[in-house]
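Readers should treat all values here as calculations from the given coordinates under stated rules, not as data from a laboratory. The structure presented is a predicted model; accordingly, all values stated were derived computationally and were not measured. Here Cβ is always computed from backbone atoms with ideal geometry, including for glycine, and neighbour counts include all displayed protein chains.
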Amino acid sequence: MPIIVNLDVMLAKRKMSLTELSEKVGITMSNLSILKKGKAKAIRFSTLEVICEVLECQPGDILEYRSEE
Amino acid sequence: MKAPNMFYGRGLISFLLTVFRIVFFLSVFATSILLITNMVSMFTNVPLSPPNFPVLFSLTNEGVFNSSSVIEESSFVFNEGMGYVSIVNPSKGMVVFRVILTMLGAVCMLVSLRQTILILEAVKEARFLIIKNALRLRWIALLGIAMFFFDKLSTLVSYAYFSDKLELSGVAFKKFNYFILLNIEFIFYCLFLLVIAEAFRVGAQLQEETKLTI
């Protein structure tokens, strides 16, 4: 899929672990792991909102479009 | 406390699974025997038993209809009939053609049974609404259509081939009559199953997408 999830990059920038993020946003570790690995089919605006709030970033910092070519 | 993969009707699923497994193994056995006997028959040129071919016919003589409610005797004609003829020395091409179509039908049946067993095994593990099961249902429907096609092709060719080659006093052999439409509803059942399989596939796909929506 040409949409890349840069959640691990943002976590590294904020020096935050996935467990910590999971506790702060209220999303299970398994779901965050699916998102981080890029296996998710879709992401809710509410999820994106809360992640951006906790990581103090923009949606574009987490999601990136990269052409398949 | 119930285990998470326990659900109502599990006993029925286990029963069906056992039945289908038995039917599958019996079918494999019967098909193997059929294949071996036909191969032996073909290569040794010795027919093990006279092969049966389906034929259509009508009787040319009128019959008498006796009814207690009618004072006068009435008559009837035997318009449409279907039966099997055993031919001692049939044309080899016709035998080979019929055997090949019978074997293709049997293979379709075996694959359908196997797919049904796989669906039941998945259901037993509480994994029913999955895309794989929908695809298996689609295969069962398509194989059903193929089975119907092989069976009809075999019988129609037999009707046409023997209609002008068989002679029997008082019997007129035909290429077509009502019996060519026999079991035609089977194709509609298969088409209904195909529609259900497609609806099932879309449902399973949506469920998977929902599951992977974070």
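Per-structure values
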read-out: Long-range tail of P(r) for segment B:2-213 (Cα pairs > 21 Å, %); value: 69 percent
read-out: Sorted peptide list for A:50-60, B:57-67, criterion being average Cβ within 10 angstrom, highest first; value: A:50-60, B:57-67
read-out: Listed peptides A:12-24, B:188-200 by packing density, highest first (mean Cβ within 10 Å); value: B:188-200, A:12-24
read-out: Positive-end extreme of charge dipole, the protein assembly as shown - chosen from B:Gln207, A:Ile27, B:Asn66 (charges on Cβ); value: A:Ile27
read-out: Neighbourhood net charge (14 Å Cβ-Cβ; Lys/Arg +1, Asp/Glu -1) for B:Pro90; value: +3
read-out: Chain B: relative contact order in percent, alpha carbon pairs under 8 Å with at least 6 residues between; value: 25 percent
read-out: Pairs from B:Lys132/B:Lys211; A:Lys15/A:Lys41; B:Lys152/B:Lys174 whose Cα-Cα separation, in the structure shown, is over 20 Å; value: A:Lys15/A:Lys41
read-out: Listed residues B:Phe162, B:Ile13, B:Leu193: farthest to the positive end of the dipole of chain B (Cβ charges); value: B:Ile13
read-out: Within the protein assembly as shown, helix-based [θ] at 222 nm, where runs of 4 or more DSSP H residues each add -39,500 (n - 2.57), nearest 500; value: -20000 deg cm²/dmol
read-out: Choice from B:Leu182, B:Leu129, B:Leu113 showing the highest fluctuation, given a GNM over chain B with Cα pairs closer than 10 Å; value: B:Leu182
read-out: Only Lys, Arg (+1) and Asp, Glu (-1) charged, at Cβ; the protein assembly as shown dipole about Cα centre in debye; value: 1000 debye
read-out: Average beta carbon contacts from partner chains per residue of B:134-141, 10 Å cutoff; value: 0
read-out: Relative contact order of chain A, pairs being alpha-carbon contacts under 8 Å that are 6 or more residues apart, as %; value: 56 percent
read-out: Proximal charge balance of B:Leu120 [Cβ under 12 Å; K/R count +1, D/E count -1]; value: +4
read-out: Residue-averaged beta-carbon neighbours from other chains (10 angstrom radius) around B:86-98; value: 0
read-out: Chain B, dipole about Cα centre (Lys/Arg Cβ +1, Asp/Glu Cβ -1), debye to the nearest 20; value: 1160 debye
read-out: Total formal charge among the other residues, if their Cβ is under 12 angstrom from that of B:Leu181, Lys/Arg +1 and Asp/Glu -1; value: -1
read-out: Assigned charges on the beta-carbon of Lys, Arg, Asp, Glu; chain A dipole about Cα centre (debye); value: 220 debye
